[in-house]
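Some notes on the structure that comes next.
Please treat every number below as a calculation from the coordinates, not as lab data. Nothing here was measured: the structure is a model prediction, and the numbers come from that model. Cβ atoms come from the backbone with ideal geometry, glycine included; neighbour counts cover every protein chain shown.
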Amino acid sequence: MNADIYPYQTDHFCIAFEFQSEGPNGQIRKIVQYDEINQLKDGTPVLAISFGDWDEEKQDFNELKVSNNADTMKVLYTIAATIKEVTESMNVAVFGQGSTSARNRLYQMAISMQLTQIEKDFNVFGLTAFEWECFKKGSSYKAFFFTRK
């Protein structure tokens, strides 16, 4: 993906990432985390991606907070870069789902906009009401799944 992204840091295992969103609301610390939730039939681990704004008081990140920092696409491109890094460093599949239906629609639109580019490196699947299928623009999905080609 040839997109402008924020510089980010990762832990030694490439499963937690951090970067700073910059915009009219100042600098906002963003966290991206990957947690193993399952395995494919061939034993490949499935990692769930989650992300949000750091909450200093709770010492955890908040997936529901809306930061309105006028940098949505740059944040999403940065998160996509972490997916690429995780799947380059380990043989894993990545599962993603919006924390709200509005966010899920946003992620679906972002995937649709970059689908040709994404499909150069990944197989992309969407969860319909009944089953997983190859991601198709214009379809509505409840969740997303990425595997490396």
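Projected onto their three principal axes, the Cα atoms of the chain cover extents of 41, 35, 29 Å, largest first.
If the label point is 7 Å along Cα→Cβ of LYS84, which residues in the stretch 118-149 have backbone nitrogen under 13 Å from it? Correct set: 118-122. Among the chymotrypsin sites (Phe, Trp or Tyr not before Pro) in the stretch 4-65, those placed in a DSSP loop whose Cβ has at most 12 other Cβ atoms within 10 Å are PHE13. Helix 72-89 axis versus longest C-alpha principal axis of the chain: approximately 60°, rounded to the nearest ten.
Going down the list LYS58/LYS149; LYS58/LYS120; LYS74/LYS137; LYS41/LYS142; LYS58/LYS137, which pairs span over 32 Å between their C-alpha atoms? Write down the numbers at each step before the final one.
Numbers: LYS58/LYS149 39 Å; LYS58/LYS120 39 Å; LYS74/LYS137 21 Å; LYS41/LYS142 22 Å; LYS58/LYS137 38 Å.
Among LYS58/LYS149; LYS58/LYS120; LYS74/LYS137; LYS41/LYS142; LYS58/LYS137, the Cα-Cα distance tops 32 Å for LYS58/LYS149; LYS58/LYS120; LYS58/LYS137.
Got a sec? How would ARG148, ARG105 order by Cβ neighbour count within 10 Å, fewest to most?
On the way: ARG148 16, ARG105 13.
By the 10 Å Cβ count, ascending: ARG105, ARG148.
Once both labels are positioned 7 Å from their Cα atoms along Cα-to-Cβ, the gap between HIS12 and ASP55 label points is 2.9 nm. Among ASP42, ASP60, ASP121, the residue with the largest mean-square fluctuation in a Gaussian network model of the chain, with springs joining Cα atoms closer than 10 Å, is ASP42. Would you please name the trypsin sites (Lys or Arg not before Pro) within the stretch 24-84 that are DSSP coil residues with at most 16 other C-beta atoms within 10 Å of their C-beta? Taking the stretch 24-84 and a limit of 16 other Cβ atoms within 10 Å, the loop trypsin sites (Lys or Arg not before Pro) found are LYS41, LYS58, LYS65.
How much length is gained on full extension from GLN27 to MET113, taking 0.36 nm per residue of separation minus their Cα-Cα distance?
Details: separation 86, 0.36 × 86 = 30.96 nm, distance 2.66 nm.
Using 0.36 nm per residue and subtracting the Cα-Cα distance, I get 28.3 nm.
Beta bridges from DSSP with both residues in the chain: antiparallel share about 90 percent, rounded to the nearest 5.
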